[in-house]
Structures are given as C-alpha cells and as structure tokens.
C-alpha cells in the first residue's frame with residue numbers, strides 16, 4: 001500500500017512540475033501530502049531543480065528534445081519528453097532520498113532551440129557484423145565503405161548507417177544478415193526505402209533487393225521500423241513468436257528471448273499473426289505474448305521507443321526490467337543478492353551516453369539498493 005501511495009503522489013508531482021492542470025482529486029491528494037513540512041521542503045527543492053534544469057543549455061539535451069519534438073508533431077500530440085542529463089537526474093534523486101523513487105520530468109512545450117548549438121549523438125557501432133549472401137562476414141567500421149553483392153546490388157556503409165541500392169538488372173533474391181552485439185545499435189536503409197533502427201543484441205535478415213509479392217524480413221531482438229508505403233507489396237516482419245503485416249507505418253518490435261515478445265504501433269496500422277489468430281493494433285497500442293496468450297493494451301510511446309532517441313525512460317518499472325536494459329547497453333551481467341529486489345519499482349530517465357558509473361550512482365541515491373561493479377558483473381544488494 002505504501003508503494004502504491006508513492007506511485008500516486010509521484011505521478012501527481014511529475015504532472016504538476018510539467019505545468020499540467022491537476023484534477024480536484026489530485027489536488028486533494030497533493031494538499032494532504034503537503035501537510036507534512038518535510039514534504040513542502042522537498043517540493044520547493046524540486047521546483048528549484050526544475051527551473052535550473054530548464055535553464056541548462058546542454059547539446060545532448062537539446063538534441064534528444066528536438067527528436068522527441070519531431071516525433072510528437074508527427075503523432076499530433078502535445079506531450080513531449082524532456083530528456084534529462086545525468087547531472088539533472090542525480091540532483092532530483094538527491095532531493096527525493098528517503099521518498100524512494102526517481103523522477104523523470106515532462107514538459108508541455110519545448111523551448112526554442114538553436115540548431116547551431118545541437119550536435120548529433122553518435123551511435124555505438126562496435127563489432128557489428130554484416131553477413132553477405134556468400135557467407136562472408138564484414139565487421140562494419142568507418143573504413144568499410146562500398147560493398148558489392150553477387151546480384152549486383154550496392155551496399156554503402158556511411159555515417160553509421162547501412163544503405164542498400166537495388167539492382168535493376170538481376171532479380172535474384174539474395175539475403176544479408178546484420179548482427180548487433182550488446183552495447184551497440186545501428187541504422188539500416190533497405191532497398192525499398194524502409195528504415196530500420198536496430199537496438200542492442202539484435203539481428204535482422206533481409207533481401208538485398210525485394211523481388212517478390214511480399215517484402216519479408218526476419219528479426220531477433222528489438223527494432224523500430226519506418227516502412228515505406230507500398231500497398232501492392234505488404235511488408236512482413238517474421239519472428240519466432242509471431243509475424244507482423246503492414247503496408248506502410250511506424251512500429252517497434254521487441255522479441256528478446258528472456259521476456260514476453262511485443263509489438264507497439266506508433267503510426268498507421270499493423271496486424272500480428274500467430275497461427276490462425278490475427279490481432280490488429282491502432283496507434284498507441286501494444287500487443288504482447290504471455291504464456292501463449294496475446295494481450296493488447298494502451299502504452300506510452302515515449303517509454304517504449306525511448307531507446308530510439310538515445311534515451312532510457314522507465315515509468316514504474318520493476319528493477320529487473322530496468323537492469324535488463326542496462327545490461328544489454330553496457331554489456332554487463334546482473335547478479336541479485338536477494339531475488340526480491342527485482343520487484344522494486346523505479347521511475348527513471350537517463351541518456352544512453354551516460355557512463356554506467358553515472359547510472360549506478362543515480363540509482364543508489366534512492367536509498368533502495370546498493371550497486372557494485374566488478375569487471376562485467378553488476379551486483380545488486382539491499383540498502384543498509
């Protein structure tokens with residue numbers, strides 16, 4: 001019950017700091033909470049930090065914020081995510097010591113940005129392997145530029161993006177596979193114009209040139225798709241758990257082996273096909289497969305696709321979910337001294353450019369857990 005009350009007041013404070021109008025019920029809860037002088041001081045300090053954070057000019061923040069603004073405009077929504085640097089997150093957490101949660105601030109409108117002050121966040125691209133149709137394996141790096149496939153198609157590796165130029169003289173359908181290890185991500189532009197963003201520990205197999213009636217790819221791990229519209233040639237993402245059929249849309253697919261498989265629709269429409277079952281989705285919905293049953297629910301897009309914008313964003317997520325993401329990105333193994341710690345809930349936001357030390361220090365400020373890094377092992381201990 002205590003944790004539920006914390007979650008409720010947390011959401012109210014987040015909304016209030018974001019400038020959103022509270023409902024009468026929320027105002028009543030906040031008023032009751034503020035009867036404690038200690039809580040009044042906490043709120044005052046939070047407001048001070050918020051003002052300082054909003055005034056801070058950091059290129060990473062601006063870049064992340066710009067990305068969210070563009071996406072939000074496309075989705076015709078007013079709500080945008082304020083991406084915080086690690087220093088801001090840590091400051092807010094410090095204020096909330098003893099209250100027991102992390103806070104990710106939201107903002108209704110984005111301040112005007114000067115493009116000259118923004119920089120493109122670099123994409124991690126270590127040990128990414130492209131397997132060609134003849135079995136050759138190419139480790140992608142800045143020194144690898146143009147490649148030629150056996151059907152004549154050209155592959156260009158530039159600015160941490162792999163671009164495919166189809167051939168018009170050879171209709172032979174040959175496949176390539178790109179494998180993304182832990183701690184990396186990459187972007188892929190397919191021959192039909194579809195863009196794919198691949199997250200850590202992911203793999204996709206795809207035709208160099210689409211020649212059939214369907215455009216089919218196979219995915220493991222996680223990817224965000226922006227599919228080029230072509231109603232005559234449906235685009236199909238095949239996974240071990242289900243297939244996804246689209247004609248042109250934006251959606252996220254997450255099919256890691258250690259968690260329920262899911263697909264989340266950002267724009268357009270998709271259908272999930274599993275055996276004889278067809279599950280349609282509308283924007284903002286997520287379908288997940290749990291114990292053989294397909295469940296559909298509404299979700300916050302910014303939480304699901306935060307990784308796409310170089311951000312971690314968790315809203316009241318179990319610690320196990322949060323640290324699984326951390327493990328993939330920073331390439332570490334997680335060990336819990338007490339398995340019960342996995343069920344603690346956190347709300348947190350980090351830029352993926354933060355060091356793991358910054359992330360660990362911030363999480364420890366909640367006084368819920370202790371974290372210890374040795375080599376590639378992150379040990380989770382009870383807070384004492």
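The values are calculated or read from the model by the stated rules, or taken from the named source; none is laboratory data. Quantities reported herein were computed from a predicted structural model and do not represent experimental measurements. So basically every Cβ, Gly included, is an ideal-geometry build from the backbone, and we count neighbours across all protein chains shown.
Pick out, from region 298-384, the helices (runs of 4 or more DSSP H) lying fully within it that include 2 or more residues that are modelled with pLDDT under 90, touching a strand residue (DSSP E or B) at 6+ places or on another chain (Cβ under 7 Å) and farther than 30 Å from residue 281 by Cβ. So that I can check it myself, show each step before the final result.
Numbers: elements: 301-304, 319-330, 356-364.
Per the criteria, 356-364.
State which residue pairs qualify: first residue part of a loop (DSSP other than H, G, I, E, B) and inside region 7-26, second residue at pLDDT 70 or above and surrounded by 13 or more Cβ atoms within 10 Å (Cβ to Cβ) in any location, beta carbons under 8 Å apart, and separation of 6 or more residues or different chains.
Close Cβ pairs satisfying both conditions: 22/12; 22/16; 22/30.
Looking only at region 184-224, count how many residues are in a strand (DSSP E or B) and in contact with a helix residue (DSSP H, G or I) (Cβ under 8 Å, 6 or more places away or on another chain). Don't jump to the end; show me each part of the working.
Filtering region 184-224 down to residues in a strand (DSSP E or B) leaves 186-189, 195-198, 202-207, 215-224.
Within this subset, residues satisfying the condition of being in contact with a helix residue (DSSP H, G or I) (Cβ under 8 Å, 6 or more places away or on another chain) are 197, 222, 224.
The total comes to 3.
Restricting region 280-323 to residues that are without any contact (Cβ under 8 Å) to a residue 60 or more places away in the chain and at positive phi, which is nearest to the chain's Cα centre (by Cα)?
In this case the residue turns out to be 284.
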